[in-house]
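Novice: Here it is, the structure in full.
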Amino acid sequence: MGVDPIRKRILARGISIASTQGFTAITMGTLARELELPRSGLVDHFADRESLQLGVLEQATDLFMRDVVDASRSAPAGEAQLKLLFGRWIAWSRAPLLKGGCPFVHASRQAIELPEPVRTRLKQVLDGWSEIITIAIGDAKRLGQFRADVDAGQMLFEMYGLYLSHHFFHWYMRDTAAETRTLKAFERLLTSSH
């Protein structure tokens, strides 16, 4: 059985709002107005604002897993997979669906304002992504592609720093070289790990 087309529209618009304005801008009233739906039409799919925000977060997570994680599984374990994961992560933040950047970046910035269940799920999503990266770094070390003394936590930290720098320079500074600069910096990070 396919996804209900109204629910699909609600979630797609919710992701667009999360990408441009953040999760705090996702409200029942805003979506009902923008989608020209009666509020009761939203309530049929989401009981309240919190469940709507959670639904949008889950949809964004599913899309991220499909476009970044699953799409990188074809690469050999280790450095090749880490490169593909990072490249797809950067591409994800500029996906056509995301009109204002990564919804996880916006949600993280607004986390204190979000309901506790949304914050908890966001933390789980980000922890899961961090674990995927950390495993790829560990594989590169195990396979002898990275030095044994490479600190996976530090490398993860620097990768997030590159991602957030890219997000800032691409979306806010409108720097057309943001992707090139980010990938160059990532290559330096990889080289320093050999």
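The values are calculated or read from the model by the stated rules, or taken from the named source; none is laboratory data. All figures in this text were calculated on a predicted structure; none of them were measured in a lab. As a convention, Cβ positions derive from the backbone with ideal geometry for all residues, glycine included, and neighbour counts pool all protein chains shown. Accessible surface areas use protein heavy atoms only, side chains included; no ligands, DNA or RNA. Shrake-Rupley method; radii C 1.70, N 1.55, O 1.52, S 1.80 Å.
Novice: Enumerate the aspartates and glutamates that LYS141 could reach by cross-link, defined here as Cα to Cα under 12 Å, with residues fewer than 8 away along the same chain left out.
Specialist: Excluding near neighbours in sequence, the set is GLU79, ASP149, ASP151.
Novice: What angle do you read, to the nearest 10 degrees and between 0 and 90, between the alpha-carbon axis of helix 178-192 and the longest principal axis of the chain?
Specialist: Tilt relative to the chain: about 40 degrees.
Novice: Hey, another quick one. Pull up the cross-link candidates among the lysines for LYS123, meaning alpha carbon to alpha carbon under 25 Å and not fewer than 8 places away within one chain.
Specialist: LYS123 reaches LYS8, LYS83, LYS99.
Novice: Here's a follow-up. When only alpha-carbon atoms count, how far does region 103-149 stretch along each of its three principal axes, as whole angstroms with the largest first?
Specialist: 44, 17, 16
Novice: Mind jotting down the three principal axis lengths of the chain based on Cα atoms? Whole angstrom, largest first.
Specialist: The principal-axis extents, from largest down, are 58, 37, 31 Å.
Novice: Let me ask something else. Compactness ratio of region 79-134: Cα Rg over 2.2 N^0.38 Å, N = residue count?
Specialist: Cα-based Rg divided by the globular estimate yields 1.26.
Novice: Given a Förster distance of 22 Å, report the FRET efficiency between HIS194 and ALA71 from their Cβ-Cβ distance, rounded to the nearest 0.05. It would help to have the intermediate numbers written out before the result.
Specialist: Working: r = 26 Å, r/R0 = 1.16.
The pair HIS194/ALA71 has a calculated efficiency of 0.30.
Novice: Under a point spin-label approximation (7 Å from Cα along Cα-to-Cβ), what is the ARG109-ALA185 distance to one decimal in nm?
Specialist: Distance between label points: 1.6 nm.
Novice: Mean residue ellipticity at 222 nm from the helices of the chain, using -39,500 (n - 2.57) per DSSP H segment of n ≥ 4 over the full residue count, to the nearest 500 deg cm²/dmol?
Specialist: Helix contribution divided over all residues of the chain: -20500 deg cm²/dmol.
Novice: Sticking with this structure for a sec: Modelled label-to-label distance, ASP175 and LEU126, 7 Å Cα→beta-carbon offset: nm?
Specialist: That separation, rounded to one decimal, is 2.2 nm.
Novice: What does the charge count near GLY78 come to, summing +1 for each Lys or Arg and -1 for each Asp or Glu among other residues with Cβ under 12 Å from its Cβ?
Specialist: Spelling it out: positives minus negatives among the neighbours equals +1.
Novice: Rounded to the nearest percent, how much of the accessible area of the chain (1.4 Å probe, protein heavy atoms only) is carbon and sulfur?
Specialist: 56
Novice: Turning to a different aspect of this structure: Classify region 112-194 as rounded, prolate or oblate from the Cα gyration tensor: take a ≥ b ≥ c as the square roots of its eigenvalues, call it rounded if a/c is under 1.5, otherwise prolate when a/b beats b/c and oblate if not. The partial results should precede the final answer.
Specialist: Working: a/c = 3.33, a/b = 1.18, b/c = 2.81.
Oblate, because a/c is 1.5 or more while a/b does not exceed b/c.
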